[in-house]
Amino acid sequence: MTKWLPALDSKAGPKYLQIAEAIGESVTSGILSARDRLPPQRELAYQLDVSLNTVSRAYAEAAKKGFLCGEVGRGTYVRTTSPLAESASAANMIRSERGLINFALNLPSAADSAAVLARTLETLTGSPSLSSFLDYQADGDLTRHLEAGATWIRRTGLRASSDALVLTNGAQHGLLVALLSLMRPGDVLLTEAATYAPVMALAAHFGLKLFPVPIDEKGLLPDALDSACRKTAATTLYCLPTLHTPTTSTMTVERREEIADVARKFGLCIIEDDVFGFLPQNRPPPVAHYAPERTIYVSSVSKSLAPGLRVGYLHAPKKMIRQLHSAVNLSCWMPPPLMAEIASIWIEDGTAEFLNDRRRVEAMFRQQTARRILGRHAFQADPCGMHLWLHLPAHWRPELFRISAEKRGVKLMTADVFSVAPSRAANAVRLCLSHEVSRERVVRGLDIVANLLDEQGDASALIV
Ligand SMILES: Cc1ncc(COP(=O)(O)O)c(C=O)c1O
C-alpha cells in the first residue's frame, strides 16, 4: 500500500477530525487493509498541506477509535481487529447453539447456575435488610461484602484484608478505576508485549503511551522490565501473571519475586490482573503478595462464578484506598449492592467454591479435548485454563487462518489483536474454549481448526 491519501472533499470541521474520519472510512470500506502502513506523518502533512501537528492529532484520533496502532520508530499501522470493536462485541452475548462456533470470546457461561440463583433470590426475599440494597451506601461498600471479598481473594494466597478492598463492577471496571487513579494523559504504561486488548483501548482513550515489555514462556522478563523502566521512566505496569491472556503462561514464584524486585527498584506501581486466578488448583501467590506496598490487585467473580454478576474486587495498599474509592464514585457512584450481596452469600455458604470447582472441571475437560484433537500441533495451554494459544505452522498467517476458519464456521482471534506492536505479533491465534455452552460444539470447532492446520491456506481468501 503506497499511494493512499485520505479523501477529504466532502468533509467539514477541524482538519484533524476530517483526516481521522477518512482513515476510519478507508478501513471500514477495505481501501486500507489490516497491517497496512500509513504514510509517515511528515509526508502526509506535506501532501495535504497541513501542519505535522494536525496529522499527529488525526492519527491519534483514529488510534483512539481503534482503527490504527502506532509503534515508536516503526510507523503507524491499520489494526487487524479493533480492540474497541472486540470489547463492544462482548456486550452482545447471545450464546447461540447455531451459527459460528465462538472461540473468540473468553467469557464463561453461567447457564448451569440458574437454580442456584433462584434459591438465593428466594432467601433474599425474606431478608430484613432488603431495602438497604436499594439505597446509596453511606460509607462506600457494605462491610459484609468487603469481608466476603477478602475471604474469597485469600484463596489465591494473598493476605487480603477487608479494609484494603474496594468493590467494582467487575475486573474491567477495576482496571478503569486503577488507571483513573494512577495515570494522566501522556504517561507511559508498561504492559506485557502481548496483553488483554481492552487495556490497549483504555490506554488509547486516556491518551497513555503503551510500552511493550518482552515476555517468554514464564511471562514478563525481569531484565526487559528493568530496561523498559530505564528507557521510559514509567511509573506503572499492567500485567497478567496467572493464565496470561493470550499466551496462557503463569509466572513462577521466582519470576514474581524478580518482577516485584524490579518494581521496587524503580518505584513502579503494579496493576495485577488476576481474573483467572481462581481456576488453577495450585498456583503461586499473586505478585501483590511479593510487592504489597505497590500493587493494585484486580479480580472479579466473572470467570469463577458468573460474568453477569459484575462483581469485582480491588485490593491495594491502604494509602491508595481513598483515591480508588473516588475513582469508583466518579465512574459509577457505586456497584449495585444487590449483586455484591449475591456474591457474598455464595462465598459465605460455599456456593462460590462449588461453582468455581465446576468452572475448573469444565475448563479441564475442554483442555483435555483440545489436547486430543489438536494433538501434534504446537500450542500453549494450562490444564485449568479457558483459552489456548495456537502456534500456526509456517505456511499459515494469522489473518488468512482467521478468515479461513470463519468460512468453515469458527470465530477466533489473531495474535495482533493482543499485540502492543502488531507488526511483531506472533504467528499465532487464541482459541477460547469456555464461551460455547455445549461441549459438542467445542469438539466440532476444534476438529475444524485441526483440519485447517493441515491444509495450505488459500491466499485468495484475503481478497475481499
Ligand atoms: C484478562 C481479563 N481481564 C479482565 C477482564 C474483565 O473481566 P470482568 O468480566 O470481571 O469485567 C477479562 C474479561 O474477559 C479478561 O479476560
The residue that is nearest to the ligand (Cβ to nearest atom), considering only those in the stretch 182-196 that are farther than 18 Å from G312 by Cα and buried (at least 23 other Cβ atoms within 10 Å of the Cβ), is T195
Residue pairs qualifying under the 8 Å Cβ cut-off, at least six apart or on distinct chains, with the first in the stretch 397-411 being part of a strand (DSSP E or B) and the second being crowded, with 18+ Cβ neighbours inside 10 Å and small (G, A, S), are V410/G445; K411/A104; K411/A405
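Kindly indicate whether Q367 is touching a Pro at 6+ places or on another chain (Cβ under 6 Å) and within 22 Å of Q281 (Cα to Cα).
Working: touching a Pro at 6+ places or on another chain (Cβ under 6 Å): yes; within 22 Å of Q281 (Cα to Cα): yes.
So Q367 passes the test.
Kindly check whether there is at least one residue in the stretch 374-388 that is in a helix (DSSP H, G or I) and either without any contact (Cβ under 8 Å) to a residue 40 or more places away in the chain or surrounded by 20 or more Cβ atoms within 10 Å (Cβ to Cβ) (or both).
So the first thing to find is which residues in the stretch 374-388 are in a helix (DSSP H, G or I), and the list is 374.
With either without any contact (Cβ under 8 Å) to a residue 40 or more places away in the chain or surrounded by 20 or more Cβ atoms within 10 Å (Cβ to Cβ) (or both) added as a condition, the list becomes none.
For the stretch 374-388, residues in a helix (DSSP H, G or I) and either without any contact (Cβ under 8 Å) to a residue 40 or more places away in the chain or surrounded by 20 or more Cβ atoms within 10 Å (Cβ to Cβ) (or both): absent.
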Worksheet item: Could we say that P246 is within 11 Å of the ligand (Cβ to nearest atom) and in contact with a strand residue (DSSP E or B) (Cβ under 6 Å, 6 or more places away or on another chain) here?
Response: yes
Among strands (runs of 3 or more DSSP E) entirely inside the stretch 148-246, those with 2 or more residues being within 24 Å of A352 (Cβ to Cβ) are 165-168
Residue hits (the stretch 62-75; within 18 Å of L17 (Cβ to Cβ) and out of contact with any strand residue (DSSP E or B) (no Cβ under 9 Å at 6 or more places or on another chain)) are K64, K65, G66
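Quickly run through the stretch 146-158 and pick out the residues that are more than 16 Å from the ligand (Cβ to nearest atom) and touching a Ser or Thr at 6+ places or on another chain (Cβ under 7 Å).
Taking the stretch 146-158 and keeping what is more than 16 Å from the ligand (Cβ to nearest atom), we get 146-148, 150-151, 154-155, 157-158.
Scanning the stretch 146-158 gives L146, E147, A148, A150.
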query = Quick check, is V166 β-branched (V, I, T) and within 16 Å of the ligand (Cβ to nearest atom)?
reply = yes
With criteria (1) within 14 Å of the ligand (Cβ to nearest atom); (2) closer than 18 Å to P286 by Cα; (3) out of contact with any Cys (no Cβ under 7 Å at 6 or more places or on another chain), L179 comes up short on (2)
Checked against (1) away from the ligand (no atom under 16 Å from the Cβ); (2) at pLDDT below 95, S161 satisfies every condition except (2)
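So that you can scan it fast, the table gives a plain yes or no per residue for (1) closer than 24 Å to F276 by Cβ; (2) modelled with pLDDT of 95 or more; (3) in the same structural domain as S162 (by TED's automatic domain parsing); (4) touching a Lys or Arg at 6+ places or on another chain (Cβ under 7 Å):
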{"residue": "V311", "(1), (2), (3), (4)": "yes, yes, yes, no"}
{"residue": "H315", "(1), (2), (3), (4)": "yes, yes, yes, no"}
{"residue": "K319", "(1), (2), (3), (4)": "no, yes, yes, no"}
{"residue": "Q323", "(1), (2), (3), (4)": "no, yes, yes, no"}
{"residue": "N329", "(1), (2), (3), (4)": "no, no, yes, no"}
{"residue": "P337", "(1), (2), (3), (4)": "no, no, yes, no"}
{"residue": "I342", "(1), (2), (3), (4)": "yes, yes, yes, no"}
{"residue": "I345", "(1), (2), (3), (4)": "yes, yes, yes, no"}
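For every residue, the table says whether it meets (1) closer than 30 Å to A150 by Cβ; (2) surrounded by fewer than 24 Cβ atoms within 10 Å (Cβ to Cβ); (3) among the basic types (K, R).
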| residue | (1), (2), (3) |
| --- | --- |
| A343 | yes, no, no |
| R358 | yes, yes, yes |
| S438 | no, yes, no |
| G445 | no, no, no |
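The values are calculated or read from the model by the stated rules, or taken from the named source; none is laboratory data. What you see is a predicted model; the values in this text were computed from it and never measured. Don't worry about glycine lacking a Cβ; one is built from the backbone with ideal geometry, like all the others, and counts go over all protein chains shown.
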